[in-house]
Amino acid sequence: MLRALGRHTLSIVHDLGDYALFTTRAFGAVMRTRRLGRRLARSVYEQGARCLPVILVVGLFTGLVLGLQGYYVLNRFGSEGLLGTLVSLTLVRELGPVLAALMLVGQAGSALAAELGIQRNSEQIAALETMGVGTHGYLVTPRVVSALLVYPMQAALFVCVGLVGGALSGSWLLGLSPGVYWSAVERALEPRDVSQCLTKAAVFGLLTISLCAYHGFNTHRLRSATGARAVSASTTRAVVQSSIVVLCADYVITSFFV
Amino acid sequence: MSARDSGILLKAEGVHKRFGDHVVLAGADLEVPRGSVVTVLGRSGTGKSVFLKCLAGILTPEAGSMRFDGAALDQGDAAARAEFRRRCGYLFQSNALFDSLTALENVVLPLEQTTDLPDKEIQERGMEALRQLDLEAHRDRHPAELSGGMQKRLALARAIVTRPELVLFDEPTAGLDPLRRNAVFTMIAKYQRQFSFTAVIVTHDVAEALVASDSVALLDGGRMRFQGAPAAFSASDDPVVKGFRDSAAALSETLHALRRGENIESDES
């Protein structure tokens, strides 16, 4: 049992090192990759524009629910006027970057893992290697760089829409004055909160997109499955691990900021 | 005399490759003269594609040496490998076309990513390659919208657009009917002459290989059992070569024997 535990631990350490090298190679290829701009624009479109509907819908409903729940709790203490504070701080510090990252993992991350997995299975990645094209630079670098740009923007958008959702449920449905709500939002938020939100989003973007790319890129190394099942297994693994990493990284970053 | 002087473009010696306990290549050698068409024959599962992938650097052999145009190709020598890849094209058995890109985008991809040519010249060279392979009218189609033969031609266009000196063909006729097999070999012979590249073809189509090649090699038991001119292959007394060469005749004899009611033991080894 001890031997099995040791083997498992070594395997995890090996995989972590491999993942770190993979991500480093992707950044190392930034200067070497030709015509990176075009691939970057496509990645920004995939992670940005194509994920916009889900960010808008989830952001709005998160704000609506926060407004409802917050109003009823604060109402017990006669502090409805603090609803804007509660909604804004909750969204900016935690829910905005975390939920936006989880949504992006579900849409852009899973699509990336599956796409790279299929490209690996159909020898498209091997074809790039035979052509002398840097596979990390062509396939991974634009996605990771794009995540560093897009995730903070998506998190900011999520927060804005969430604040509107909070205003909708708090003011228009439950009768709180919009002026009270928005002035509480303005008073509550500090530049530090915004920088925490954007930093978290950028870190989540880097971790999740590189993790999804890593699993898709290495689909052929899976021993438990081959072919379509390997693509399915690597995509599932990418999404599950990315989701866990978002929550763990959230705790670590929050503990630094608090 | 160096390999460059002797006109040998690619030389592989003692290539070993195993997957776990399964030894696939146990010291395979191959010499590819410049400007020639060399065909590697062998039964299914003997490691022909593995050997080709070792030559291309897609797989890393455990042992053995390779020289390209006289220079050693060590796995650790990234510069030599990069130079080899720049001068080598590879046609995959599955074509390995990028299904999300159009035909023209597929063809210009290696130029865009490995050269500093201006966009206009890249597009012109891509169109020229498509034109030479009669695919000009399909430039905006995706690979899934093309027939099997067109996809094969598109893969060849992509492999030769960088004007390589060596093109490796992995089972270019696998799964094709005899007419299409002939068409593919004709296409390879035609463009090999037109673009003057050296070709290594992996296949198990003996008849076509003997007609289309300058040199034939037979991979058996992880080693090259034979390499020589097609005429020497046809005349060889080696029992393995004979068995492989005369497999069609052997099948005919077996079927006649079965029709006569004789008991034939199958050999699946």
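The values are calculated or read from the model by the stated rules, or taken from the named source; none is laboratory data. Please read these numbers as outputs of a predicted model, since none were measured by experiment. Here the Cβ is made from the backbone with ideal geometry for all residues, glycine too, and neighbour counts use every protein chain on show.
Does at least one position in the stretch B:76-97 carry a residue that is at the interface with chain A (Cβ under 10 Å from one of its Cβ atoms), more than 25 Å from B:Leu9 (Cβ to Cβ) and at pLDDT 95 or above?
Of the residues in the stretch B:76-97, the ones at the interface with chain A (Cβ under 10 Å from one of its Cβ atoms) are B:81-97.
Then keep just the ones that are more than 25 Å from B:Leu9 (Cβ to Cβ); that gives B:94, B:97.
If we keep only those that are at pLDDT 95 or above too, we end up with B:97.
The answer is yes, given that some residue of the stretch B:76-97 is at the interface with chain A (Cβ under 10 Å from one of its Cβ atoms), more than 25 Å from B:Leu9 (Cβ to Cβ) and at pLDDT 95 or above.
Report, by residue number, each residue of the stretch A:116-132 that is at the interface with another protein chain (Cβ under 7 Å from one of its Cβ atoms), surrounded by 21 or more Cβ atoms within 10 Å (Cβ to Cβ) and of a type outside the set (D, E, K, R). If you could, list the steps in order and put the result at the bottom.
Narrowing the stretch A:116-132 to residues at the interface with another protein chain (Cβ under 7 Å from one of its Cβ atoms): A:122-124, A:126-127, A:129-132.
The next check asks that each one be surrounded by 21 or more Cβ atoms within 10 Å (Cβ to Cβ); those that pass are A:123-124, A:126-127, A:130-131.
Matches in the stretch A:116-132: A:Gln124, A:Ala126, A:Ala127, A:Thr130, A:Met131.
From the list B:Leu109, B:Leu146, pick out the single residue that is surrounded by fewer than 24 Cβ atoms within 10 Å (Cβ to Cβ), in contact with a His (Cβ under 7 Å, 6 or more places away or on another chain) and either over 21 Å from B:Asp205 (Cβ atoms) or within 14 Å of chain A (Cβ to nearest Cβ) (or both).
Values: B:Leu109 fails: in contact with a His (Cβ under 7 Å, 6 or more places away or on another chain).
Checking each option against the conditions leaves just B:Leu146.
Of the conditions (1) crowded, with 18+ Cβ neighbours inside 10 Å; (2) in contact with a His (Cβ under 9 Å, 6 or more places away or on another chain); (3) more than 19 Å from B:Leu109 (Cα to Cα), B:Leu154 satisfies every one except a single condition; which number is it?
Unmet condition: (3).
Within the stretch B:144-160, does at least one residue satisfy the condition of being in contact with a Phe, Trp or Tyr (Cβ under 8 Å, 6 or more places away or on another chain) and free of Cβ contacts under 8 Å to residues at least 40 places away in the same chain?
Of all residues in the stretch B:144-160, those in contact with a Phe, Trp or Tyr (Cβ under 8 Å, 6 or more places away or on another chain) come to B:155-156, B:159-160.
Next, only the ones that are free of Cβ contacts under 8 Å to residues at least 40 places away in the same chain stay: none.
No - not one qualifying residue is present in the stretch B:144-160.
For the stretch A:133-155, which residues satisfy the criterion of being touching a Gly at 6+ places or on another chain (Cβ under 6 Å) and either of a type in the set (A, V, I, L, M, F, W, C) or facing chain B (nearest Cβ under 9 Å) (or both)? Walk me through how you get there before you give the answer.
If we filter the stretch A:133-155 for residues that are touching a Gly at 6+ places or on another chain (Cβ under 6 Å), which is where we start, we get A:147-148, A:150-151, A:155.
Those that are touching a Gly at 6+ places or on another chain (Cβ under 6 Å) and either of a type in the set (A, V, I, L, M, F, W, C) or facing chain B (nearest Cβ under 9 Å) (or both): A:Ala147, A:Leu148, A:Val150, A:Ala155.
With the structure loaded, tell me whether A:Arg32 is within 14 Å of chain B (Cβ to nearest Cβ), surrounded by fewer than 12 Cβ atoms within 10 Å (Cβ to Cβ) and in contact (Cβ under 8 Å) with a residue 60 or more places away in the chain or whether it fails that test.
Values: within 14 Å of chain B (Cβ to nearest Cβ): yes; surrounded by fewer than 12 Cβ atoms within 10 Å (Cβ to Cβ): yes; in contact (Cβ under 8 Å) with a residue 60 or more places away in the chain: yes.
Answer is yes for this residue.
Enumerate the pairs (first residue in the stretch B:7-26 and within 23 Å of B:Asp69 (Cα to Cα); second residue anywhere and at pLDDT below 90 and in a strand (DSSP E or B)) with beta-carbon separation below 8 Å, excluding pairs fewer than 6 apart on the same chain, so at least 6 apart or on different chains.
none
Can you name the residue in the stretch B:48-75 that is in contact with a helix residue (DSSP H, G or I) (Cβ under 9 Å, 6 or more places away or on another chain) and basic (Lys, Arg) and is also farthest from the other protein chains (Cβ to nearest Cβ) among such residues?
Kept after step one, since they are in contact with a helix residue (DSSP H, G or I) (Cβ under 9 Å, 6 or more places away or on another chain), are these residues of the stretch B:48-75: B:53, B:56-61, B:64, B:66-75.
Imposing the further condition that a residue be basic (Lys, Arg) reduces the set to B:53, B:67.
Working: B:Lys53: 8, B:Arg67: 19 Å.
Taking the candidates together, the pick is B:Arg67.
Quick one: which residue in B:Arg193, B:Arg259, B:Arg225, B:Arg245 is charged (D, E, K, R), at pLDDT 90 or above and either farther than 24 Å from B:Met150 by Cβ or surrounded by fewer than 15 Cβ atoms within 10 Å (Cβ to Cβ) (or both)?
Numbers: B:Arg193 fails: at pLDDT 90 or above; B:Arg259 fails: at pLDDT 90 or above; B:Arg245 fails: at pLDDT 90 or above.
So the residue among B:Arg193, B:Arg259, B:Arg225, B:Arg245 that is charged (D, E, K, R), at pLDDT 90 or above and either farther than 24 Å from B:Met150 by Cβ or surrounded by fewer than 15 Cβ atoms within 10 Å (Cβ to Cβ) (or both) is B:Arg225.
Is there a residue being within 11 Å of chain A (Cβ to nearest Cβ), among the charged types (D, E, K, R), more than 22 Å from B:Ser196 (Cα to Cα) and free of Cβ contacts under 8 Å to residues at least 12 places away in the same chain anywhere in the stretch B:114-133?
At the first step, the residues of the stretch B:114-133 found to be within 11 Å of chain A (Cβ to nearest Cβ) are B:114-117, B:119, B:122.
Those still in the list that are among the charged types (D, E, K, R) too: B:116, B:119.
Retained after the next criterion (residues that are more than 22 Å from B:Ser196 (Cα to Cα)): B:116, B:119.
Checking which are free of Cβ contacts under 8 Å to residues at least 12 places away in the same chain leaves us with B:116, B:119.
Yes, the stretch B:114-133 contains a residue that is within 11 Å of chain A (Cβ to nearest Cβ), among the charged types (D, E, K, R), more than 22 Å from B:Ser196 (Cα to Cα) and free of Cβ contacts under 8 Å to residues at least 12 places away in the same chain.
The rows are residues; the columns are (1) of a type outside the set (A, V, I, L, M, F, W, C); (2) surrounded by 15 or more Cβ atoms within 10 Å (Cβ to Cβ); (3) not in a helix (DSSP H, G or I).
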site: A:Thr199; (1), (2), (3): yes, yes, no
site: A:Ser224; (1), (2), (3): yes, no, yes
site: A:Val231; (1), (2), (3): no, yes, no
site: A:Thr235; (1), (2), (3): yes, yes, no
site: A:Leu247; (1), (2), (3): no, no, no
site: A:Thr254; (1), (2), (3): yes, no, no
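Being touching a residue at least 24 places away in the same chain (Cβ under 8 Å) and within 25 Å of B:Pro118 (Cα to Cα) is the requirement here; does A:Arg39 meet it?
On the way: touching a residue at least 24 places away in the same chain (Cβ under 8 Å): yes; within 25 Å of B:Pro118 (Cα to Cα): yes.
Answer is yes for this residue.
Go through the residues of the stretch A:97-112 one by one and say whether even a single one is crowded, with 20+ Cβ neighbours inside 10 Å and within 14 Å of another protein chain (Cβ to nearest Cβ).
Yes - at least one qualifying residue is present in the stretch A:97-112.
Condition test on B:Val37, is it farther than 21 Å from B:Val161 by Cβ and among the aliphatic types (A, V, I, L, M)? First the steps, then the outcome.
Values: farther than 21 Å from B:Val161 by Cβ: no; among the aliphatic types (A, V, I, L, M): yes.
No; evaluated as a whole, the condition is false for this residue.
Conditions tested, residue by residue: (1) in a loop (DSSP other than H, G, I, E, B); (2) closer than 26 Å to B:Ala155 by Cβ.
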{"site": "B:Val32", "(1), (2)": "no, yes"}
{"site": "B:Phe51", "(1), (2)": "no, yes"}
{"site": "B:Ile58", "(1), (2)": "yes, yes"}
{"site": "B:Pro61", "(1), (2)": "yes, yes"}
{"site": "B:Gly64", "(1), (2)": "no, no"}
{"site": "B:Arg85", "(1), (2)": "no, yes"}
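Could you check the stretch B:136-165 and list, in sequence order, the residues that are among the small types (Gly, Ala, Ser) and assigned to a helix (DSSP H, G or I)?
The initial filter retains those residues of the stretch B:136-165 that are among the small types (Gly, Ala, Ser), namely B:137, B:144, B:147-149, B:155, B:157, B:159.
B:Ala137, B:Ala144, B:Gly148, B:Gly149, B:Ala155, B:Ala157, B:Ala159 - these are the residues of the stretch B:136-165 that are among the small types (Gly, Ala, Ser) and assigned to a helix (DSSP H, G or I).
Taking B:Gly45 as the residue in question, decide whether it is in contact with a strand residue (DSSP E or B) (Cβ under 6 Å, 6 or more places away or on another chain), more than 9 Å from chain A (Cβ to nearest Cβ) and either surrounded by fewer than 23 Cβ atoms within 10 Å (Cβ to Cβ) or acidic (Asp, Glu) (or both). Write out each step before concluding.
Numbers: in contact with a strand residue (DSSP E or B) (Cβ under 6 Å, 6 or more places away or on another chain): no; more than 9 Å from chain A (Cβ to nearest Cβ): yes; either surrounded by fewer than 23 Cβ atoms within 10 Å (Cβ to Cβ) or acidic (Asp, Glu) (or both): yes.
The answer is no for B:Gly45.
Tell me, please, whether a residue that is on the phi > 0 side of the Ramachandran plot and not assigned by TED's automatic domain parsing to the domain that holds B:His16 can be found in the stretch B:169-189.
To start, the set of residues in the stretch B:169-189 that are on the phi > 0 side of the Ramachandran plot comprises B:171, B:175.
After this cut, where a residue has to be not assigned by TED's automatic domain parsing to the domain that holds B:His16 as well, the list is none.
So far as the stretch B:169-189 goes, no, none of its residues is on the phi > 0 side of the Ramachandran plot and not assigned by TED's automatic domain parsing to the domain that holds B:His16.
For B:Ala144, indicate whether it is over 30 Å from A:Ala29 (Cβ atoms), over 20 Å from the mean Cα position of the chain (by Cα) and of a type in the set (Gly, Ala, Ser).
Numbers: over 30 Å from A:Ala29 (Cβ atoms): no; over 20 Å from the mean Cα position of the chain (by Cα): yes; of a type in the set (Gly, Ala, Ser): yes.
No, not satisfied.
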